[in-house]
Amino acid sequence: MESVRERQVTVYCTDWCPHSRRAKALLESYHIPYQDVDIERDTVAAKQVESWNNGYRSVPTILTRLIVVEPPDSDLERILLKSCARLIDCTAYVTQWCPDCRRTLAWLSEQHIPCTTIDIDSDAKAADRVQAWNKGFRSVPTLDLALRLTEPSMEQLEAMLGLGG
């Protein structure tokens, strides 16, 4: 998807888990860098995974931050709905005058997806952030999404990362 500008991925896993190895292989096949956290070696990470997964050390558990720019509804549907990922945070950088911003915010509202909205015409620091993500352009809407997915299928992982179509 051309609308995904940036991905930050953390994979909570174990060395022995075939699902963890498969998820990391998929990331590597797309040349997506990721942080690899072995919960058998990192007790703090293990406790975090347990807190997310009702006391279970379910692996892989994957955290992703995506910067998504000027997305069509189909991209949002794939990332936010078809992936079955849990939305942790959604911030939409918008302007009041932009019809695409209104369309995106309406779609999020129709899907009951909570989102913080920041008007970049009113917030200079937010405008700078958007420009940094978009190579100097004030492209809107720009969404900053944080998602979590546990024991995903490869299709769900691809959907959450905004890969394919």
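Values quoted throughout were computed directly from the atomic coordinates according to the rules given, and no laboratory measurement underlies them. Just so you know, these numbers come straight off a predicted model, no measurement behind them. Because the Cβ atoms are built from the backbone with ideal geometry, glycine has one as well, and the counts that use them run over all protein chains shown.
Aspartates and glutamates near Lys47 by alpha-carbon distance under 15 Å, same-chain residues fewer than 8 away left out - which ones?
Result set, ordered by chain and number: Asp38.
With 10 angstrom as the radius, rank Ile118, Ile88 by how many other C-beta atoms surround their C-beta, starting from the fewest.
Ile88, Ile118
Determine by what factor the alpha-carbon radius of gyration of the range 4-160 differs from 2.2 N^0.38 Å, reporting the quotient.
It is 1.12.
Percentage of Cα-Cα pair distances in the range 14-70 greater than 15 Å, rounded to whole percent?
Beyond 15 Å sits 54 percent of the P(r) for the range 14-70.
Quick one: net charge of Met1's neighbours, Cβ under 13 Å, K/R +1, D/E -1?
Within the 13 Å Cβ shell, the charges total -3.
Using Cα springs under 10 Å in a Gaussian network model of the chain, which residue among Leu143, Leu76, Leu26 shows the largest mean-square fluctuation?
The residue that fluctuates most here is Leu26.
If you rank Glu6, Glu77, Glu158 by fewest surrounding Cβ atoms within 10 Å, what's the result?
Neighbour counts put them in this order, fewest first: Glu6, Glu77, Glu158.
Compute the relative contact order of the chain as a whole-number percentage, counting only Cα pairs closer than 8 Å that sit 6 or more residues apart in sequence.
Contact order relative to length: 32 percent.
Would you calculate, for the chain, the mean residue ellipticity at 222 nm contributed by helices, counting each DSSP H stretch of 4 or more residues as -39,500 (n - 2.57) and dividing by all residues, to the nearest 500?
The helix-only estimate for the chain comes to -9500 deg cm²/dmol at 222 nm.
Aspartates and glutamates near Lys82 by alpha-carbon distance under 14 Å, same-chain residues fewer than 8 away left out - which ones?
Asp73, Glu155, Glu158
Among bridges DSSP assigns within the chain, what percent are antiparallel (round to 5)?
Antiparallel bridges: around 75 percent, rounded to the nearest 5.
Could you please rank Asp15, Asp123, placing first whichever residue has the fewest other Cβ atoms within 10 Å of its Cβ?
With the sparsest Cβ surroundings first, the list reads Asp15, Asp123.
In the chain, which Cys residues have no partner Cys with a Cβ closer than 4.7 Å?
Cys13, Cys17, Cys84
Name the lysines eligible as straight-distance cross-link partners of Lys135: C-alpha to C-alpha under 25 Å, and not fewer than 8 places from it in the same chain.
Lys125
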